[in-house]
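The values are calculated or read from the model by the stated rules, or taken from the named source; none is laboratory data. In this text, all values refer to a predicted model and were calculated from it rather than measured experimentally. Using ideal geometry, Cβ is built from the backbone for each residue, glycine included, and neighbour counts are taken over all protein chains shown. Side chains included, ligands, DNA and RNA excluded: accessible areas come from the protein's heavy atoms. Shrake-Rupley method; radii C 1.70, N 1.55, O 1.52, S 1.80 Å.
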Amino acid sequence: ETKNDPFLLYLRGLVLLEKDRKAEAKSVLVKAACGYPCHWGAWESLLPLCASVEDARGLGLPNHWMRKWFFAALHLELQENRKGLQAYAGLVLDIPASSIGVVQMAVGHYNMREFDRAQSIFEDVYRADPYRLEGMDTYSNILYVKEDAAKLSYLAHGAVLTDKYRPETCCIVGNYYSLKSEHEKAVVYFSRALKLNWRYLSAWTLMGHEFVEMKNPSGAIDAYRHAVDINPRDYRAWYGLGQTYEILQMPYYALYYYQRATRLRPKDPRMWCAMGQCYESEQLLMTVAAIRCYQRAVTWNDMEGIALAKLARLHRESGNEKAAAHYYRLNLTRLEKEAPESNETSEALLFLANYYKKLNKFKEAERMCTRLLDFAGPEKQNAKALLREMRNVEDARAKDGVVG
């Protein structure tokens, strides 16, 4: 009778997971979910064991309403965030009083780097339930990225008062100290989170980031490796490993880890930019591969503009002025909104002024030079020299026309 008890099967599944017998664990956890479908723990433990949605559909899971929640969570686990958001949008309507689906939607927006939308959802949830800690570690990540120290301090204070012995609380406080650049204290709190739950993925990854800041690459590598051992789908840990090996000037290792991160997040321009920079390194000097990576980053809407600037420079250095001009124009359009007086802007204007001059498109060249006159330094002098050259050429042409 106890042999098929769903809760005992669940515990057996966890033990098999600890012993890295994943195939057996998957089979046992499926039986646990079938035996008592309302036990979310069994479903949740199956998430990292499913390679794809198709793989999960072939497991023979029970046709229960919990199945919908499982597949919604699996979409987020597999970084299929749009599908996950659509699934949770329907589930939230089914159970409007529950905040679980709403928090998961915020996590989906966070995964897609839609921080404003995710923050808005988390704030609504926090106002409705100020004692909630589940998911608030992700909220603290958003506040950290947006450098909102006041709100992060308030969240950390509230979490400590609610339950200072929760991993989420330690993670929130760790983020607060990290934002204040007190990295040693941040590591202490992330370590506490791991003492409370050594499989707490976020703490391993965030601790790796702190070790990078503290110039401790061996500590960072150890933390990131723990993270990918717990969940090989944690792209942040793979990306962190790539960054650490890049700092150690070991581009072949860095490239391998960046490739792992890119497979998990093929639509994330940051992954492609990181790979491109790796290909550019002095040890590799694979310009063509770097250009392809940056082109993929542009395809997936590189908001930071790193890829456009890199593509313009690489094409310029390889002698492909037409392609370089194309990317300089695109980058200039972006810079006019974000950084109209930056060095990147002056570099783009100067290149385009020279490029149009060579093509005898003097009006476009003069327009670029006129904008360069607003800059101080050598750019202004270069613009003046170009304008004089073009006027001399135009005067010479006018004289030739009169003589003719």
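Looking at (1) open to solvent by less than 20 Å² (accessible area, probe 1.4 Å); (2) within 21 Å of residue 201 (Cβ to Cβ), which is the only condition residue 48 fails?
Evaluating residue 48 over (1) open to solvent by less than 20 Å² (accessible area, probe 1.4 Å); (2) within 21 Å of residue 201 (Cβ to Cβ) leaves (1) as the failure.
Filter segment 340-367 down to the residues that are surrounded by 13 or more Cβ atoms within 10 Å (Cβ to Cβ) and within 35 Å of the chain's Cα centre (by Cα) and list them by number.
344, 345, 346, 347, 348, 349, 350, 351, 352
Test residue 315 against the stated conditions and say whether it is surrounded by fewer than 20 Cβ atoms within 10 Å (Cβ to Cβ), within 29 Å of the chain's Cα centre (by Cα) and more than 25 Å from residue 243 (Cβ to Cβ).
Taking the combined requirement at face value, the residue does not satisfy it.
From 38, 34, grab the single residue that is open to solvent by 20 Å² or more (accessible area, probe 1.4 Å), part of a helix (DSSP H, G or I) and under 24 Å from residue 100 (Cα atoms). Show your work before the answer.
Details: 38 fails: part of a helix (DSSP H, G or I).
Within the list 38, 34, the selection yields 34.
Regarding residue 94, is this residue among the acidic types (Asp, Glu), open to solvent by 40 Å² or more (accessible area, probe 1.4 Å) and out of contact with any strand residue (DSSP E or B) (no Cβ under 7 Å at 6 or more places or on another chain)?
Answer is yes for this residue.
Of all the residues that make up segment 368-397, how many are within 42 Å of the chain's Cα centre (by Cα) and basic (Lys, Arg)?
Summing the residues that are within 42 Å of the chain's Cα centre (by Cα) and basic (Lys, Arg) in segment 368-397 gives 2.
For every residue, the table says whether it meets (1) in a helix (DSSP H, G or I); (2) open to solvent by less than 10 Å² (accessible area, probe 1.4 Å).
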{"site": "137", "(1), (2)": "yes, no"}
{"site": "142", "(1), (2)": "yes, yes"}
{"site": "159", "(1), (2)": "yes, yes"}
{"site": "172", "(1), (2)": "yes, yes"}
{"site": "175", "(1), (2)": "yes, yes"}
{"site": "181", "(1), (2)": "no, no"}
{"site": "188", "(1), (2)": "yes, no"}
{"site": "194", "(1), (2)": "yes, no"}
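Among the residues of segment 198-231, what is the count of those that are within 18 Å of residue 168 (Cα to Cα), among the aliphatic types (A, V, I, L, M) and part of a loop (DSSP other than H, G, I, E, B)?
The total comes to 0.
Please work out which one of (1) surrounded by fewer than 23 Cβ atoms within 10 Å (Cβ to Cβ); (2) part of a helix (DSSP H, G or I) is the condition residue 165 fails and give its number.
Result: residue 165 fails condition (2) only.
Condition (residue is polar (S, T, N, Q), in contact with a Phe, Trp or Tyr (Cβ under 7 Å, 6 or more places away or on another chain), free of Cβ contacts under 8 Å to residues at least 60 places away in the same chain and open to solvent by 20 Å² or more (accessible area, probe 1.4 Å)) applied to segment 114-122: is it met by at least one residue?
Checking segment 114-122: not a single residue is polar (S, T, N, Q), in contact with a Phe, Trp or Tyr (Cβ under 7 Å, 6 or more places away or on another chain), free of Cβ contacts under 8 Å to residues at least 60 places away in the same chain and open to solvent by 20 Å² or more (accessible area, probe 1.4 Å).
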